[in-house]
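The values are calculated or read from the model by the stated rules, or taken from the named source; none is laboratory data. Worth saying up front: this structure is predicted, and the values here are computed from it rather than measured. Note that each Cβ is placed from the backbone with ideal geometry, even for glycine, and that neighbours are counted across all protein chains shown. Note: accessible area is taken over every heavy atom of the protein model, side chains too, but ligands, DNA and RNA are not part of it. Shrake-Rupley method; radii C 1.70, N 1.55, O 1.52, S 1.80 Å.
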Amino acid sequence: MKLIRSTALLGVGILLVGCGAFSLPSAYDVLTEEQRATSLVSASIAEEISREYLKYHRTGIETERLQQLGKDIRSSHSKKAIFTESMADLTSADQFFACTLCRSTINVFARTFTEGELSGPEREEEAKSLLLGMCDYFAVSNAEVCSGIFDLNWPIFDFILNETVANSNTFCSMLPIAICQVQQDEYNLTLTIQGDLPKESNSNLPAKSAEDILVLHLTDIHYDPEYAEGSNAVCDEPMCCRNPLAAGSDSSAAAGFWSDYRDCDCPKRLILSAFEHIKDNHKIEWIYHTGDVPPHNVWSTTKQGNLDMLSEIDALLAQYFPDTPIYPCLGNHEPHPANVFGNDEIPSALKVDWLYEHVWSLWSKWLPAEAETTVLRGGYYTASPSKGHRIVALNSMDCYLYNWWLYYNATLIQEQLQWFHDTLLSAEEAGESVHILSHIPAGDGDCWSNWALEYNRVLTRFNGIITGVFSGHTHKDEMNLHYSEDGYATVVNWNGGSLTTYSNKNPNYRLYELNPESWQVLDHHTYTFNLTEANLTPEEQPKWQLEYQFTKEYTEDTSPAGIDRLLVQMAEKPALLRKFWRNKFTNSDPKLAEGCDDACLSTTICRLATSNYQERTRCKELQAILAESLENEPETDDDNDNDGGGAAGLSALSLASLLALLAASKVLG
């Protein structure tokens, strides 16, 4: 899933020096007047912070102005959310903090580089001192996390700092935050696309039949071998449930047996429970596994640790599903350090060839021999399991904004995209139907918008043969609809949610019903269990159950055109959208208690219709419909038709959860 966001801000600040033609695209010209004003305030404060902090770093003298700035900044962000949520989903206050801190850090490093400290033989020590100092002064995280992030990433930072062609003046515009955007026209990523574009929305949908096949989607397992029941689940780090509770701590902070809602990953027993339930209850034809096996301790990973976890989960899959083909793709947590995938132009010591070689040793038992070339080159491949059908697995780290090598030379990512286009062209000529696996959905705020633009152009061109895209990363049980530049619905991206509970969700897996000829997704079923209930009975297996069936919950038309009509229905009927929101978060107790107000609903409908974070045409149309619907919505006491907050949130808790909480209160009482 996501790396530790706020520490990443300090990370990107290091990658700032150099000049040249390449810079990431942004959209300052589309900002509102309010956003432009806020952006200018952020830039002004960042300049002042960097100037005052550098004085403090060099002299040890803390001016009164710096004290005030530090106090204001430290109290302006929510601490945990900036680690666990996507930047695009943060509150305005947290986004302001993120943008301002990024700009401040870049200013500090730029000045120390040009004025001497980072140009000499002690630059690593100087850089670490600056990073840890700012991390502490502005309460970004604790010293262990910031120090770990620096130590793991410094060799990469050091190389890019000296070799990058990135433009330091516009570096923070990489963040998916509107107020951080500045106008840039220097760089365009453009593919050569052959063939005609569609003239209408894709409405292809075969009828269900007894011959339909069942496929399992597993994603974001995030296995934590060090998860400990009763450990501290309310820690300061981005991931918890490892370290013992301090003496005298509130027992409510103790981690649950099966996992915990509070920023914790999967113990092995949860993974085994899921695999056992799937094996005993479903007859599946094959498995899609869309990445992210290691946990979220991105400040303390090791190369061997990641390799061992990949091998262990692979062995478990082979044990539980020995005769079932598995088609995997890489997630952002597979490499060490997390998120960072290189290319041909970087030093051998910084490449991740070791990862590509290892996953090929695991994947080769399922994939054709000819897939070896592209797996070893970049972690992507294509396979044709049967005549007329093809699977294309992408390494979507080419679009991930926390893959630092994008800022060294992002032109190199065009190679995989062009291969993707050419592979689909060959599939079209062969009359094949195609499924695509990609860890990060293109509409996610962490995906570089220029990459998403070209990716969408490819999907639009070949929407007639693409019958499903399958992703993970967000840990949300959701979907995204892709549109052409002319507004036609083209392809549906189905997101499998996550087996991990990180954060505030119940574990889940998905099953898809596919037409055996076209592989069109006709239906899907999401299975989960309530974590509150399961943790009260650790001696019993969790009660896995069908949470919902898509066609019974929403619509029987799963074609792109049908999903577009569903989005209009959701905008017109907020109760239906609220139901989607609850399912999106697996009806977890923390989310049901939190609820979804009108602003949340607006964000939810927008995300459904976004496949490029910078392109919001359909999003805005649906938001306008929703706003009118909410304005005219009658008052009701039916909590399931309200936002789920406050008393409504309590009523929205599952019956099992209420009974579990009641039992707990009696025990504790």
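When DSSP assigns beta bridges and you keep just the ones with both residues in the chain, what percent turn out antiparallel, to the nearest 5?
Working: 28 of 49 bridges.
DSSP beta bridges in the chain are roughly 55 percent antiparallel.
Taking the Cα atoms of the stretch 235-307 alone, what are Rg (to one decimal) and Dmax (as a whole number) in Å?
Cα-based Rg and Dmax for the stretch 235-307 come out at 15.8, 51 Å.
Any idea how far the Cα center of the stretch 239-314 sits from the one of the stretch 349-425, in Å?
26
Can you give me the span-like helices of the chain, meaning DSSP H runs with 24 Å or more of Cα extent along the axis and Kyte-Doolittle mean at or above 0.5?
On the way: long enough: 33-59 (39 Å, -0.84); 92-114 (33 Å, 0.44); 143-163 (29 Å, 0.63); 303-320 (26 Å, -0.12).
Correct list, ordered by number: 143-163.
For each pair in Lys268/Lys303; Lys365/Lys505; Lys268/Lys387; Lys303/Lys365; Lys303/Lys543, compute the distance between the two Cα atoms and list the pairs where it is over 29 Å. Don't jump to the answer; show the numbers that get you there.
Numbers: Lys268/Lys303 20 Å; Lys365/Lys505 33 Å; Lys268/Lys387 37 Å; Lys303/Lys365 23 Å; Lys303/Lys543 35 Å.
Exceeds cut-off: Lys365/Lys505; Lys268/Lys387; Lys303/Lys543.
Measuring from centroid to centroid over Cα atoms, what is the spacing of the stretch 531-593 and the stretch 331-348 in Å?
The stretch 531-593 and the stretch 331-348 have Cα centres separated by 35 Å.
Using only the Cα atoms of the stretch 367-438, construct the convex hull and provide its projected area averaged over every direction, in square nanometres to one decimal. All intermediate terms of the calculation are to be shown ahead of the outcome.
On the way: hull surface 19.7 nm².
For the stretch 367-438, the mean projected area of the Cα convex hull comes to 4.9 nm².
What are the GluC sites (Glu not before Pro) within the stretch 293-375 that DSSP puts in a loop, where the Cβ has at most 13 other Cβ atoms within 10 Å?
Values: sites: Glu312, Glu345, Glu357, Glu370, Glu372; in loops: Glu345.
Hits after loop and neighbour filter: Glu345.
List the aspartates and glutamates whose Cα lies under 17 Å from the Cα of Lys591, skipping any in the same chain that are fewer than 8 positions away.
Of all the aspartates and glutamates, those that pass the test against Lys591 - Cα under 17 Å, at least 8 places apart if same chain - are Glu85, Asp89, Asp260, Asp263, Asp477, Glu478, Glu533, Glu547, Asp639, Asp641, Asp643.
Loop only by DSSP, 14 or fewer other Cβ within 10 Å of the Cβ. Give me the GluC sites (Glu not before Pro) in the stretch 542-578 that pass, ordered by residue number. Please list the in-between numbers first.
On the way: sites: Glu547, Glu553, Glu556, Glu572; in loops: Glu556.
Within the stretch 542-578, the qualifying GluC sites (Glu not before Pro) (loop, at most 14 other Cβ atoms within 10 Å) are Glu556.
Taking a ≥ b ≥ c as the square roots of the eigenvalues of the Cα gyration tensor of the stretch 289-390, is the shape rounded (a/c under 1.5), prolate (a/b larger than b/c) or oblate?
Numbers: a/c = 2.29, a/b = 1.32, b/c = 1.73.
In terms of gyration-tensor shape, oblate.
For the stretch 439-529, what class follows from the C-alpha gyration tensor (a ≥ b ≥ c being the square roots of its eigenvalues): rounded when a/c is under 1.5, otherwise prolate if a/b is larger than b/c, else oblate?
oblate
Just to confirm, what accessible area per residue do you get for the chain at 1.4 Å probe, in whole Å²?
Details: 25100 Å² over 669 residues.
Spelled out: the 1.4 Å probe surface of the chain, per residue, equals 38 Å².
Only loop residues by DSSP count here, and only those with at most 16 other Cβ atoms within 10 Å; note down the GluC sites (Glu not before Pro) in the stretch 392-487 that meet that. All intermediate terms of the calculation are to be shown ahead of the outcome.
Values: sites: Glu415, Glu428, Glu429, Glu432, Glu454, Glu478, Glu485; in loops: Glu432, Glu485.
Those satisfying the criteria are Glu485.
Rounded if a/c is under 1.5, else prolate if a/b beats b/c, else oblate: with a ≥ b ≥ c from the C-alpha gyration tensor eigenvalues square-rooted, which is the stretch 508-582? List each step's numbers first, then the result.
Details: a/c = 4.59, a/b = 1.56, b/c = 2.95.
Oblate, because a/c is 1.5 or more while a/b does not exceed b/c.
More than 36 angstrom separation, counting every C-alpha pair in the chain; what % is that?
Numbers: 84689 of 223446 pairs.
When all Cα pairs of the chain are counted, 38 percent exceed 36 Å.
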